[in-house]
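Have a look at the structure below, then the notes.
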Amino acid sequence: MNRLSVWALIFFLLSVLVYGVAEWRSSLVEQTDAIDSELIPDFIAEALKSDIYDVSGKLSHKIDAQRMEHYASLEFTHFEFPNYTLYPKNESSPWKVSANEATLYNNNRVMLENRVRLLATAPESLVKEIHCKYLELDLNTNIISSDQTVVIKGKGFTMHGSGLIIDLNTKQMTLTEHVQTIYEKSSR
Amino acid sequence: AKADFEQRIKIDSDRQAADLKNKIASYLDNVKITQGSLVINADIVQVFGEKDSDVKTYLAKGNPATFEQLLDDGKKINLQADEIKYEPGKNMITISGHALLRQQDSQVSGSRITYNTLTEQLSAESDKNERVTTILEPESKDKN
């Protein structure tokens, strides 16, 4: 091993080292770029108002929201202070759902969170209002569900429980875990 | 007692189902209705609302469904039947199907008994083949 080959070996190792470090640092930088691009919404709408019609041309639901951000690659849309108006089948008066925030996934399922309110606009509806922290709404089937605790206010009663499922089309409601319902004294 | 009827009616149960169209709320599994000293235990209770009044009818079913309440004189009344219908608006309780009323030591049975919660009066009826039987135990002093 004469001096020349020793120097060649050192030089070789040095260059491999430099190349490795450069490669490693560039891979880091590139990665953070990728995450950033997904977090930037593809489009934003302020004071959004939109009516959505179903295949047969019937008004399915309306939504208005203070702010909307759509993330195409992540396939979801985020709303701030959304107000949904739902028009279930064979029902004259609609239901309204509002919350502090909601996330719509492209299978037409909406997750609503924080101060969620479901209101029946029909005057003589058995159920008037439902309050909860979290609610799932399937816009295709008009089925609303929540596994969190809910408070249901109706004509002359207040109901507490969790495991709520309401089908706005068939107008059937169930609470898989009912805690208690209190009926106010009916005015005789 | 009469004070019971000024109180709110509470219903506890494991599950609940409501038919929003026909305005019927059903309570299922270990159902207990309480209103002051009045207690109804049943397997299922349905609550019917009326069109434009908030008067409600509570229909309890069980094997049997039971009803008990402390009367103004402090005595307790017990009712049991397959079906107990409680209409607070009319102060009426109608029990039917192996209906049995027990109070202190007297007992009335028949196929249908109606009991007015205000006047504390009752009337028992029976189908053709069943008899209304009333057993009145004398108030004996020594019996505690």
Report task. Among residues belonging to the range A:145-182 that are under 21 Å from B:PHE48 (Cα atoms) and away from chain B (no Cβ under 11 Å), point out the one that is most open to solvent (accessible area, probe 1.4 Å). Result -> A:LYS153
Query raised in the report: Would you say A:ILE130 is within 14 Å of chain B (Cβ to nearest Cβ) and in contact with a Phe, Trp or Tyr (Cβ under 9 Å, 6 or more places away or on another chain)?
Result: no
Query raised in the report: Of the residues in the range B:102-118, how many are buried (at least 22 other Cβ atoms within 10 Å of the Cβ) and more than 27 Å from B:SER26 (Cβ to Cβ)?
Result: 1
Query raised in the report: Can you pull out the residues in the range A:51-91 that are aliphatic (A, V, I, L, M) and either closer than 30 Å to A:THR170 by Cβ or part of a strand (DSSP E or B) (or both)?
Result: A:ILE52, A:VAL55, A:LEU59, A:ILE63, A:ALA65, A:MET68, A:LEU86
Report task. Taking A:SER125 as meeting all but one of (1) part of a strand (DSSP E or B); (2) within 9 Å of chain B (Cβ to nearest Cβ), write down the number of the exception. Result -> (1)
Report task. Return only the number of the condition from (1) of a type in the set (A, V, I, L, M, F, W, C); (2) under 26 Å from the mean Cα position of the chain (by Cα); (3) closer than 30 Å to B:GLN7 by Cα that A:ILE182 does not satisfy. Result -> (2)
**Report entry** Scope the range A:7-60; condition modelled with pLDDT under 85, farther than 16 Å from A:THR77 by Cα and among the small types (Gly, Ala, Ser); matching residues
**Finding:** A:SER26, A:SER27, A:ALA34
Query raised in the report: Which residues, counting only those in the range B:18-51, are under 16 Å from A:GLU184 (Cα atoms) and facing chain A (nearest Cβ under 8 Å)?
Result: B:ALA25, B:VAL47, B:GLY49
Query raised in the report: Cβ-Cβ below 6 Å, separation at least six or inter-chain, first residue in the range A:28-50 and over 24 Å from A:ASP64 (Cβ atoms) and in a loop (DSSP other than H, G, I, E, B), second modelled with pLDDT of 85 or more and open to solvent by 100 Å² or more (accessible area, probe 1.4 Å): which pairs?
Result: none
Query raised in the report: Quick check: is even one residue across the range B:91-101 surrounded by 15 or more Cβ atoms within 10 Å (Cβ to Cβ), within 14 Å of chain A (Cβ to nearest Cβ), on the phi > 0 side of the Ramachandran plot and within 17 Å of the chain's Cα centre (by Cα)?
Result: yes
Report summary line: Expected single match for on the phi > 0 side of the Ramachandran plot and either in contact with a Leu (Cβ under 9 Å, 6 or more places away or on another chain) or open to solvent by 50 Å² or more (accessible area, probe 1.4 Å) (or both) among A:ASN100, A:ASN90, A:ASN106, A:ASN83 is A:ASN90
Report summary line: Residue set B:LYS2, B:LYS51, B:LYS32, B:LYS23; condition under 21 Å from B:GLU83 (Cα atoms), at pLDDT below 95, out of contact with any Ser or Thr (no Cβ under 6 Å at 6 or more places or on another chain) and open to solvent by 40 Å² or more (accessible area, probe 1.4 Å); output residue B:LYS23
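The values are calculated or read from the model by the stated rules, or taken from the named source; none is laboratory data. None of these values were measured; they are calculated from a predicted model. Every residue, glycine as well, gets a Cβ built from its backbone with ideal geometry; the counts of neighbours run over all protein chains shown. Areas reflect the complete protein model, heavy atoms only, side chains present, ligands, DNA and RNA absent. Shrake-Rupley method; radii C 1.70, N 1.55, O 1.52, S 1.80 Å.
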